[in-house]
Amino acid sequence: MSSSAVVGGGGDWDGDGRLCDQRDDNQDQEQGGREDRNAAVATEDKVDVPWNQPWKLPKHAVQAARVYMGRLTGTFSLQFVILLFLAYCFVKGTLYSFLESAILPYFQSYVKVSGERYHDYLTIAALPWSMKAVFAMISDVIPIRGYHKSYYIGFAGVTAACALTIIASGRFTSDTADAAAMLFFLSHMGVVVVDLLCEGRYAARMRENPGSGPDLVTWVWTSYMTGQLIAAFTVGFLADAGYIRQMFWICVPLAAQITIPVAKGYLQEPRNEPPVTTVLWSKLRLYKRMFSLAACMAVIAMGLVFVALYGTGTTKLVYALMASVVLCTLSLKLMPRTLALANIYMFLVQALYIQFSGVGQFFMTAGPECLPNGPQFSYVFFQTTSSVVEAIFGAIGVTLFQTVFSGWRFQSIFWTTTCIRVFASIFDIALIQRWNLAIGVSDEAMFLIGDRSLYRIAYMLDFMPMVVLTSKLCPKNMESTVYALLAGYQNFGQAIAKALGAFLIESAGIRAQVPCDFTNFGTVMTIGHMLLPLLAMPLTFFMIPNALLTDDLSKHRSAILGLVCQMWREVHNRMGTEAAMTTATPQAACGRSHELTAYWKKIHGHCWCLLLVLVLLCLIEPPCTRPETHQSPAMFGIIGSLWEFVTSFVWGPTPEQVMASIRAGVLPQRFIHTVARCKTYPGGPERFPVPDAKVDWKIPFPGYAPVFYEATVVKKKPVWADDPDNTKSITYNVVDSVHKVDRTSAHGPYTVTKEGHPLNPMGRTGIKGRGLLGRFGPNHAADPVVTRWKRNPVTHAVEYDKDGNPILQFVAILRKDCGLWALPGGMVDPGEVASATVKREFGEEALNALELSPAEAETLKGELDELFHPDSAVVAYKGYVDDPRNTDNAWMETTAVSIHDSDGSLLDKFKLQGGDDASEAKWADYHPGMKLYASHTMFMAIAYEYRKRELQQ
């Protein structure tokens, strides 16, 4: 979040909307001492070079520093320079960076909230930056004991210190996390007030001494960058060491120390006479429009706090859209047109780049229990190393702006930077989708290249022209207030982007807490970081002046006026009106708006007809389940996911989306395979003991010595098993074209050792080799979950148990190998897809299809095709199975497909009979917690919740 560079004095609009000079009541008192200070600067014998001439660096850095500091302190006084260092190094630099960085480990590892809730807390914590204008107006209108700034800075430091003390000493949990978020809000508010009022004061000093302005800005930004580096080299190490809550004790003195130099008068703020605390009603009435705009922004920001804490995703969406409309309307109403359009553009640029900060940070730092194949960055890397890289490339962005883009036009710069930001997002999406691993690029490299390098350059290239544009549009002597308003608008645009991000996260079913689900994260990133930001490109030509960065914008016509005039000429050209083509002035051409209105009435019917046709096309062809494929191209995967996501808003959630939400509630919060670590391998040796704490491959286990085992049946090289003498031809993490075997995992790319052995993505099992499984790596199976409601034989009504729950019956088989009841199912044959496997296995194990005659088998095939029609099949689960046959190098993964006969008309024609690997088949009543083979209990729990919800609807 950018806090914006605020330079300049105060100003406001009068009652008629014209710009007028806003000077503090004490400004005349400051005028008297200016001549003496300027004279002192003029006699400074250490400054040999005029300020506006190129300054050459002396031979020795120490001498250069002495010359610079002598010039700085001689102009502004040592006390004022010290105050700025303490404010911008320790408050704006170190403290603000601490709050930005430490909030992630605090809520993730200490308070332990979900990623979605953390995203809301980020929105709340950053909202004070959207309220800068109201803080500026309050300090201007209500002096305390004659001072407009000093007491407010002192109160801000004390408030932040108290809030940070409670954070450091309090023991907050997920139940009290809302209070912790409000404490972060107060802490940020303290930083905002110190930053804003110190900016206002040093801006006034620069107006008094314009020749030394660059020196002072250099000092401020050097202090700020120094503070950032201090925080960057501290937070990550403390967080990884476990001092998450304790690190905030460091922040307490950083916030409180600013009160000391302010109390000693280092701010050098003139005092009003009489020195009383009062409300300057005359100024309030004079600048009522500006105050109204600032007050509305503050009210809307506080409303967003309430919505973020207690609202649903839809509520956040509606509030964000309404707030955007209100703020844009107020900007057009109360600001000059050119300034208002540019302000709205900068607000929309921030709002359309949707923020997924909370979930994104959780994705990058989530542990193996949440995201087994995720980046799993340490806090040292994520907060320290990447911050240093970000600072370096931010400087590169500033350099590029100065050397390459400074001669461009505003419109060209803004649409170019939009394209760069969109391009930089490709790297984030590739990291989320794990494409980088397929091309051999590490997570760390992909993250640094995209998010911390290219995006940072793009951000600075976007931010710098915004500063230049704002400075050129702000009238003289009112820069501070207008900067505060525009900075508030831009920061509130980011808050709106976070609210929209929260809506997309909830709608997409993304879950950043165990059990995690980032399935649709790549899709929402594509929408929020690539598609929506592109909407800002055409707005550039409507709302931004087509002027050079060096032009005087006070005489430059608004871009939208030129566009309207151009449209007017084109309209009259089509209507055969030659007079409009030769109109002397644009104002005269644009004045004949009634003819333009008549033309719109003529064509608007065609526009509505075209829109109606598009809507009808969507309704005629509703979204359908995509056919099952093995490895579709990445771009087609994004487009298909995007289509499914967008159409869900029209037709409601798809069965797959409903099933995904149910899985999030049914699956265990922290998955550690247990059956795959049973003491004795089926028909084989005892496993090497693996405690829960040592299951993860990333955790060192020096004494780990798994037993090698491969069953005799596997060693005989059956057709369903890999040839152990030809393992070099196996290609992992792809569809093996040589052997026609799908070796991809539902959990993403898995590790392959230097010896060519794949590693179980869920961790150690205590035995290596293939065991009873035929394939190295994932062995894919398919399990049909065939169900019906238990009905009264007389009334055919659904029967309920004693607790009032409907009774679901499912087809169960008794396995010959272990004697446990299970779902029918089996292995996916080479070249076969799971949808074909579930039909084949159901027929073989539950209907004894292998014993039927050819004619009977053909009839059964047609009946099974009807039962397992794609429109009625829903994937209940796809992924790892905690199976006793799993080893370190071979494991089971399955696709459990739910098939339900709602009225019994389809399943009544089937006679259940055990066959193949099943000794018996029957209809079994499901009850929660019943023991079934392997992970089949979990599959039934998911299917039951889905069918129960379907019945209730």
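Restricting attention to region 502-542, the residues being at pLDDT 80 or above, among the hydrophobic types (A, V, I, L, M, F, W, C) and assigned to a helix (DSSP H, G or I) number 16.
Scanning region 682-740 for residues that are open to solvent by 70 Å² or more (accessible area, probe 1.4 Å), basic (Lys, Arg) and not in a loop (DSSP other than H, G, I, E, B) yields 715, 728.
Against the definition (crowded, with 21+ Cβ neighbours inside 10 Å, modelled with pLDDT under 85, closer than 26 Å to residue 356 by Cβ and not small (Gly, Ala, Ser)), how does residue 175 come out, yes or no? No: the conditions fail for residue 175.
For residue 361, indicate whether it is touching a Phe, Trp or Tyr at 6+ places or on another chain (Cβ under 8 Å), under 30 Å from residue 748 (Cα atoms), at pLDDT 80 or above and among the polar types (S, T, N, Q).
Here the answer is yes, as residue 361 does meet what is asked.
Within region 774-787, restricting attention to residues that are of a type in the set (Gly, Ala, Ser) and under 18 Å from residue 938 (Cβ atoms), which residue is surrounded by the most Cβ atoms within 10 Å (Cβ to Cβ)?
Restricting to residues being of a type in the set (Gly, Ala, Ser) and under 18 Å from residue 938 (Cβ atoms), the top hit is 782.
Looking only at residues in region 896-953 that are modelled with pLDDT under 75, open to solvent by 70 Å² or more (accessible area, probe 1.4 Å) and charged (D, E, K, R), the one that is nearest to the chain's Cα centre (by Cα) is 903.
Out of all the residues in region 851-870, is one or more among the hydroxyl-bearing types (Ser, Thr, Tyr), at pLDDT 85 or above and either open to solvent by less than 70 Å² (accessible area, probe 1.4 Å) or within 28 Å of residue 658 (Cβ to Cβ) (or both)? No - not one qualifying residue is present in region 851-870.
Identify all residues within region 741-766 that are in a loop (DSSP other than H, G, I, E, B) and aliphatic (A, V, I, L, M); write none if there are none. Across region 741-766, the qualifying residues are 746, 759, 762. Considering only residues that are under 12 Å from residue 492 (Cα atoms) and modelled with pLDDT under 80, which ones fall in region 315-353? 320 - this is the single residue of region 315-353 that is under 12 Å from residue 492 (Cα atoms) and modelled with pLDDT under 80. Checking the structure you have, find out if any residue of region 236-243 is part of a helix (DSSP H, G or I), surrounded by fewer than 21 Cβ atoms within 10 Å (Cβ to Cβ) and among the small types (Gly, Ala, Ser). No, region 236-243 contains no residue that is part of a helix (DSSP H, G or I), surrounded by fewer than 21 Cβ atoms within 10 Å (Cβ to Cβ) and among the small types (Gly, Ala, Ser). All conditions but one from (1) surrounded by fewer than 17 Cβ atoms within 10 Å (Cβ to Cβ); (2) at pLDDT 80 or above apply to residue 810; the one that does not is (1). A search for C-beta distances below 7 Å between a residue of region 692-704 that is over 17 Å from residue 672 (Cα atoms) and any residue that is of a type in the set (Phe, Trp, Tyr) and part of a loop (DSSP other than H, G, I, E, B), counting only pairs 6+ apart in sequence or on different chains, returns 704/688.
Residue by residue, here is whether (1) open to solvent by less than 20 Å² (accessible area, probe 1.4 Å); (2) closer than 27 Å to residue 521 by Cβ; (3) without any contact (Cβ under 8 Å) to a residue 60 or more places away in the chain holds:
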position	(1), (2), (3)
89	yes, no, no
93	yes, no, no
115	yes, yes, no
124	yes, yes, no
132	yes, no, no
143	yes, no, no
149	no, no, no
153	yes, no, no
159	no, no, yes
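Is it true that residue 794 is outside any loop (DSSP other than H, G, I, E, B) and hydrophobic (A, V, I, L, M, F, W, C)? So residue 794 does not fit the description; no. If you take the residues of region 260-279 that are among the aliphatic types (A, V, I, L, M) and open to solvent by less than 30 Å² (accessible area, probe 1.4 Å), which of them is nearest to residue 94 (Cα to Cα)? Checked region 260-279; the qualifying residue nearest to residue 94 (Cα to Cα) is 262. Can we say residue 127 is touching a Ser or Thr at 6+ places or on another chain (Cβ under 7 Å) and in a helix (DSSP H, G or I)? The answer is no for residue 127.
Taking the conditions (1) open to solvent by 10 Å² or more (accessible area, probe 1.4 Å); (2) in contact with a Gly (Cβ under 7 Å, 6 or more places away or on another chain) in turn, residue 771 satisfies each one other than (1).
Return yes or no: is residue 257 touching a residue at least 40 places away in the same chain (Cβ under 8 Å) and open to solvent by 40 Å² or more (accessible area, probe 1.4 Å)? The answer is no for residue 257.
On inspection, residue 406 passes the criterion of being surrounded by fewer than 21 Cβ atoms within 10 Å (Cβ to Cβ) and either hydroxyl-bearing (Ser, Thr, Tyr) or within 30 Å of residue 751 (Cα to Cα) (or both).
The values are calculated or read from the model by the stated rules, or taken from the named source; none is laboratory data. What you see is a predicted model; the values in this text were computed from it and never measured. FYI the Cβ positions are ideal-geometry reconstructions off the backbone, even for glycines, and counts take in every protein chain you see. Each accessible area value is taken on the protein alone, full model and side chains, heavy atoms only, with ligands, DNA and RNA left out. Shrake-Rupley method; radii C 1.70, N 1.55, O 1.52, S 1.80 Å.
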